[in-house]
1. If you take the residues of region 97-116 that are modelled with pLDDT of 95 or more and part of a helix (DSSP H, G or I), which of them is farthest from Thr367 (Cα to Cα)?
2. Whether any residue in region 341-357 is among the polar types (S, T, N, Q), under 19 Å from Asp135 (Cβ atoms), open to solvent by less than 30 Å² (accessible area, probe 1.4 Å) and in contact with a His (Cβ under 8 Å, 6 or more places away or on another chain) is what I want to check.
3. If you go through region 70-93 one residue at a time, how many are surrounded by 22 or more Cβ atoms within 10 Å (Cβ to Cβ) and more than 18 Å from the chain's Cα centre (by Cα)?
4. Counting residues that are over 16 Å from the mean Cα position of the chain (by Cα) and among the charged types (D, E, K, R), which helices (runs of 4 or more DSSP H) fully inside region 237-342 reach at least 3?
5. Can you tell me which residue is surrounded by the most Cβ atoms within 10 Å (Cβ to Cβ) among those in region 366-381 that are of a type in the set (S, T, N, Q) and touching a Phe, Trp or Tyr at 6+ places or on another chain (Cβ under 9 Å)?
6. When you scan region 121-134, how many residues do you find that are touching a Pro at 6+ places or on another chain (Cβ under 7 Å) and either modelled with pLDDT under 95 or open to solvent by 60 Å² or more (accessible area, probe 1.4 Å) (or both)?
7. What pairs come out if I take residues in region 308-328 that are more than 11 Å from Thr79 (Cβ to Cβ) and open to solvent by 50 Å² or more (accessible area, probe 1.4 Å) and pair them with residues that are in a helix (DSSP H, G or I) and not acidic (Asp, Glu) whose C-beta lies under 6 Å away, six or more apart or interchain?
Amino acid sequence: MRRMMLAMSVATTLAVPTVAAAETIAIACGTVGQEFELCKSGAEAWAKKTGNEVKLVSGSTDASEQLTVFQQQLSAGATDLDVLRIDIVWPGILGAHLIDLKPHIPNDVVQQHFPAIVQNNTVEGRLVAMPWFTDAGVLYYRKDLLEKHGQKPPTTWQELATVAKTVQDAERKAGNAKMVGFVFEAKAAETLTCNALEWIDSFGGGTIVGEDGKVTIDNPKAVEALKTAASWIDTISPRGVLNYEEEGARGVFQSGNAVFMRNWPYAWALANAPDSPIKGKVGVVALPKGGADGKSTGTLGGWQLAVSKYSKHPALAADLVKYLTSAEEQKRRAILGAFNPTIVSLYKDKEVLAANPFFGTLLDTFTNAVARPAKVTGSKYSRVSADFRNAVHSVLSGSGKPDAKLKDLSKKLGRMNKEGKW
């Protein structure tokens, strides 16, 4: 158990004046962008309100590594973590180890959230997690640089490559040798699964595994999408993107050295922070289409809060979840950190829209995002995702051809299921 806990570090304990029945609730917070600080301040407010204490635990920025730690802890029946922050693709994987939140959170409160996400978090009739914030990939661009060089935001990936190269080369010629055209997340981790699914779906190449459970990844549109993405490396994208997670891409873009960036909405607040070199110079639009007959698409992301069935204080832990996922708390997080609410009414809130203008214009992107095939593949999703992103990574790095890699991937995934049954 001690070895497993080395993968997560206790950041701090928020103490409040002790009362007779005070308990300590441990919550795993995210560490990307402003997540940890906003989780801390929200948990601290709950602790003060209830007279309890909250222990904050921070984990890896790599979702796959975090999942492995949770699986180890939950399988061991560990009692030292009460509230878990789980990815939108994990309910089917971890559901058996999580309590049903229905008895603890009124139905009218649950119904305030996007129905599709509530359904996603419902496993065999049990609400195993509450929606905390939703996500979809979006395209960030430098408004000032596009205007300077007479360019417009691209609507297709092909246009993006052309515009990125034009602006990149002009800026380098003008003296900024560090300027690159496009940064994204291509580390062989879950983040690459998200990026690559966006490319493939935008070209009409499907979602790796169809809703009927059949493997669909070996098709000409998917091959074309990966050929397109591979062409960016060493032309408009530095080879370093092969090791970038979200923060790696944001670091380059926010330093002022990239024209375009694919990332999640959280990066907006940071890009426009008082100390940001690009404050006021950033625009956000939907990700490009895969050609004239393609479509704009963003992978559905987002995180949920769940309670471990091994918690010694499940009712208190559920109350913390209820507080942190409330409309008031989601509004605060949206305004301060650009975290997309899962509560529909907040997309009409004037203060939320003032802080994040693109929330309104990209609402369709957030509500119609493409889902990873987690529901249909169930407990095997982690293997499906790992095999997919590894194949994509080899294509991007130049060690494999798209058609051959997708054919091999299709065979490998096909062996995992029988006639579409996972």
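1. His97
2. Yes, region 341-357 contains at least one residue that is among the polar types (S, T, N, Q), under 19 Å from Asp135 (Cβ atoms), open to solvent by less than 30 Å² (accessible area, probe 1.4 Å) and in contact with a His (Cβ under 8 Å, 6 or more places away or on another chain).
3. 4
4. Numbers: elements: 246-254, 267-271, 314-324, 327-337.
Fully inside region 237-342 and qualifying: 327-337.
5. Kept after step one, since they are of a type in the set (S, T, N, Q), are these residues of region 366-381: 367-368, 377, 379.
Okay, now just the ones that are also touching a Phe, Trp or Tyr at 6+ places or on another chain (Cβ under 9 Å), so 367, 377, 379.
Details: Thr367: 15, Thr377: 24, Ser379: 13.
This residue is Thr377.
6. To start, the set of residues in region 121-134 that are touching a Pro at 6+ places or on another chain (Cβ under 7 Å) comprises 121, 123, 128-129, 133.
Filter once more, so that each one left must be either modelled with pLDDT under 95 or open to solvent by 60 Å² or more (accessible area, probe 1.4 Å) (or both): 123.
Qualifying residue count, region 121-134: 1.
7. If the second residue must be in a helix (DSSP H, G or I) and not acidic (Asp, Glu), the pairs left are Tyr323/Trp46.
Each row is one residue, and each column tells you yes or no for (1) open to solvent by 10 Å² or more (accessible area, probe 1.4 Å); (2) not aliphatic (A, V, I, L, M).
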{"position": "Lys148", "(1), (2)": "yes, yes"}
{"position": "Val167", "(1), (2)": "no, no"}
{"position": "Ala174", "(1), (2)": "yes, no"}
{"position": "Ile200", "(1), (2)": "no, no"}
{"position": "Asp218", "(1), (2)": "yes, yes"}
{"position": "Lys227", "(1), (2)": "yes, yes"}
{"position": "Arg239", "(1), (2)": "yes, yes"}
{"position": "Ala249", "(1), (2)": "no, no"}
{"position": "Ser255", "(1), (2)": "yes, yes"}
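The values are calculated or read from the model by the stated rules, or taken from the named source; none is laboratory data. What you see is a predicted model; the values in this text were computed from it and never measured. No Cβ is skipped: glycine too gets one built from the backbone with ideal geometry, and neighbour counts run over all protein chains shown. Surface areas here come from the heavy atoms of the whole protein model, side chains and all, with no ligands, DNA or RNA. Shrake-Rupley method; radii C 1.70, N 1.55, O 1.52, S 1.80 Å.
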